[in-house]
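The values are calculated or read from the model by the stated rules, or taken from the named source; none is laboratory data. This structure is a prediction, so every number in the text was calculated from the model and none was measured. A quick note on method: Cβ atoms are made from the backbone with ideal geometry, for glycine too, and the neighbour counts reach across all protein chains shown. Side chains are part of the model used for accessible areas, which takes the heavy atoms of the whole protein and leaves out ligands, DNA and RNA. Shrake-Rupley method; radii C 1.70, N 1.55, O 1.52, S 1.80 Å.
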Amino acid sequence: MNETASLRARAEIDLAALRANVRELRARAAGAQLMAVVKSDAYGHGAVPCARAALEAGATWLGTATPQEALALRAAGLGGRVMCWLWTPGGPWREAIEAGIDVSVSGMWALREVLAAAGAAGAPARVQLKADTGLGRNGCQPADWPELVAAARAAEAAGSIRITGLWSHFACADEPGHPSIAAQLTAFRDMVAYAEKEGVDPEVRHMANSPATLTLPEAHFDLVRTGIAMYGISPSPELGTPADFGLRPVMTLAASIALVKRVPAGHGISYGHHYTTTAETTLGLVPVGYADGIPRHASGRGPVLVGGVTRRIAGRVAMDQFVVDLGGDEVGVGSEAVLFGPGDRGEPTAEDWARAADTIAYEIVTRIGTRVPRVHLNATPAES
């Protein structure tokens, strides 16, 4: 059989599952507000539909990495509180200020650019000061904190900014008991106490990412920032499965078998012939590849559910396609190949793919490319 199926691939996004995950996370952080992190197109799930669903489920903030991501939310008509934190010199500060976006400041250069943009906009900027409590990426070092706090307070007194938040980020919250967790919490409390002693009165203090939201109630403060957990993926297999936390994976990635054919024993499969058939068999062509985000590192290992049986990729993942050995099974062209999903039907999960590619499940869902259409299911909340 040498026919080609018309439907190629799709990523189904279950917005009902996302809403349920948000409600579960809110319950686990009762007393704190919840920021739904929708950076990187909502971890590959579609930023605008996921942001809307999260707000419907009670999230009170949206979070993005880049200002462009935050501005896109505003352009889509999403109101409410939006924060972005990854800035570079010359960024769209004025546009963010005019859109009412909270901007993160980690150093004096950023504060100077915010002040210039606020002057140009004729409106105060909403600023959150980020403390580097030990992650060593963005954020202000404790030694530089007094200077930044003093300058920000002076700008606030002059009406140029409003300091809306003080925040930081964990390095090892996904490793329970890691000594850096307690050290970072102590550093954050100290830096918050110093800023408040100097007159800062923040609306929110926040440090908890997904793993801290799930396992460190002492880190919840006024707001938790949930990213990967909102999409139903455990931030670390060592912490537990999604089901252990009452979460459900939101994305299902599937493709249509594009070709089925019989080949003899000794037939090489895909580039380099890293796989050779050991007997006469049937092969199924799955029309997605590394250009769609399927990790080439999973060649020979990536699991796929076809015809009710979990198969492994036979040979290398190519740019647009890979092959599975059907072991002689007769599977029709157009049959569904499920790469990953919640696991309800016995299909692999994103965590299974992470193990196959020696990476983390975050990367598996985030890397699915734009050639794969997102199909958002349950866009309208069910009547309660």
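Quick one: count up the residues across segment 26-42 that are assigned to a helix (DSSP H, G or I) and either surrounded by fewer than 21 Cβ atoms within 10 Å (Cβ to Cβ) or touching a Leu at 6+ places or on another chain (Cβ under 6 Å) (or both).
Keep residues of segment 26-42 that are assigned to a helix (DSSP H, G or I), which gives 26-28, 39-42.
With either surrounded by fewer than 21 Cβ atoms within 10 Å (Cβ to Cβ) or touching a Leu at 6+ places or on another chain (Cβ under 6 Å) (or both) added as a condition, the list becomes 26-28, 39-41.
Counting residues in segment 26-42 that are assigned to a helix (DSSP H, G or I) and either surrounded by fewer than 21 Cβ atoms within 10 Å (Cβ to Cβ) or touching a Leu at 6+ places or on another chain (Cβ under 6 Å) (or both) gives 6.
Going through THR282, THR278, THR252 one at a time, which residue ends up being at pLDDT 95 or above and within 20 Å of the chain's Cα centre (by Cα)? Spell out how you get there, then give the answer.
On the way: THR282 fails: within 20 Å of the chain's Cα centre (by Cα); THR278 fails: within 20 Å of the chain's Cα centre (by Cα).
Among THR282, THR278, THR252, only THR252 is at pLDDT 95 or above and within 20 Å of the chain's Cα centre (by Cα).
I want to confirm something. Restricting to segment 139-165 and keeping residues that are assigned to a helix (DSSP H, G or I) and within 32 Å of the chain's Cα centre (by Cα), which single residue is surrounded by the fewest Cβ atoms within 10 Å (Cβ to Cβ)?
So the first thing to find is which residues in segment 139-165 are assigned to a helix (DSSP H, G or I), and the list is 142-157.
Cutting the leftovers down to within 32 Å of the chain's Cα centre (by Cα) gives us 142-145, 148-149, 152.
Values: PRO142: 15, ALA143: 7, ASP144: 15, TRP145: 20, LEU148: 21, VAL149: 23, ALA152: 25.
It comes out as ALA143.
Please enumerate the residues belonging to segment 43-72 that are assigned to a helix (DSSP H, G or I) and either under 21 Å from GLU12 (Cα atoms) or in contact with a His (Cβ under 7 Å, 6 or more places away or on another chain) (or both).
Residues of segment 43-72 that are assigned to a helix (DSSP H, G or I), as a first pass: 43, 47-56, 67-72.
Hits for segment 43-72 are TYR43, ALA47, VAL48, PRO49, CYS50, ALA51, ARG52, ALA53, ALA54, LEU55, GLU56.
Among the numbered criteria (1) crowded, with 18+ Cβ neighbours inside 10 Å; (2) in contact with a strand residue (DSSP E or B) (Cβ under 9 Å, 6 or more places away or on another chain); (3) more than 20 Å from ARG205 (Cα to Cα), which single criterion is violated by THR66?
(1)
Can you tell me which residue is most open to solvent (accessible area, probe 1.4 Å) among those in segment 355-369 that are more than 14 Å from TYR290 (Cα to Cα) and assigned to a helix (DSSP H, G or I)? Can you show your working first?
Residues of segment 355-369 more than 14 Å from TYR290 (Cα to Cα): 355-356, 358-362.
Filter once more, keeping what is assigned to a helix (DSSP H, G or I): 355-356, 361-362.
On the way: ARG355: 138, ALA356: 8, ALA361: 3, TYR362: 63 Å².
Here the residue is ARG355.
Which pairs have Cβ atoms under 6 Å, sit 6 or more apart or on different chains, and link a residue in segment 273-293 that is without any contact (Cβ under 8 Å) to a residue 12 or more places away in the chain and open to solvent by 50 Å² or more (accessible area, probe 1.4 Å) to one that is in a strand (DSSP E or B) and not polar (S, T, N, Q)?
That search, which allows pairs on different chains as well, returns THR276/GLY268.
Do you know which residues across segment 311-321 are touching a helix residue (DSSP H, G or I) at 6+ places or on another chain (Cβ under 9 Å) and surrounded by 14 or more Cβ atoms within 10 Å (Cβ to Cβ)?
Taking segment 311-321 and keeping what is touching a helix residue (DSSP H, G or I) at 6+ places or on another chain (Cβ under 9 Å), we get 312-313, 315-320.
Of everything in segment 311-321, those that are touching a helix residue (DSSP H, G or I) at 6+ places or on another chain (Cβ under 9 Å) and surrounded by 14 or more Cβ atoms within 10 Å (Cβ to Cβ) turn out to be ARG312, ILE313, GLY315, ARG316, VAL317, ALA318, ASP320.
Given the options ALA243, ALA265, ALA254, ALA229, name the one that is open to solvent by 10 Å² or more (accessible area, probe 1.4 Å), closer than 24 Å to PRO49 by Cα and of a type in the set (A, V, I, L, M). Spell out how you get there, then give the answer.
Numbers: ALA265 fails: closer than 24 Å to PRO49 by Cα; ALA254 fails: open to solvent by 10 Å² or more (accessible area, probe 1.4 Å); ALA229 fails: open to solvent by 10 Å² or more (accessible area, probe 1.4 Å).
Criteria check complete, one pass: ALA243.
Considering only segment 287-338, how many residues are among the polar types (S, T, N, Q) and not in a loop (DSSP other than H, G, I, E, B)?
Kept after step one, since they are among the polar types (S, T, N, Q), are these residues of segment 287-338: 299, 310, 321, 335.
Okay, now just the ones that are also not in a loop (DSSP other than H, G, I, E, B), so 310.
Looking only at that region, the number is 1.
Pull out all pairs, ordered by first then second residue, where Cβ-Cβ is under 7 Å, the residues are six or more apart or on different chains, the first lies in segment 150-172 and is acidic (Asp, Glu), and the second is at pLDDT 95 or above.
GLU156/ARG162; GLU156/ILE163
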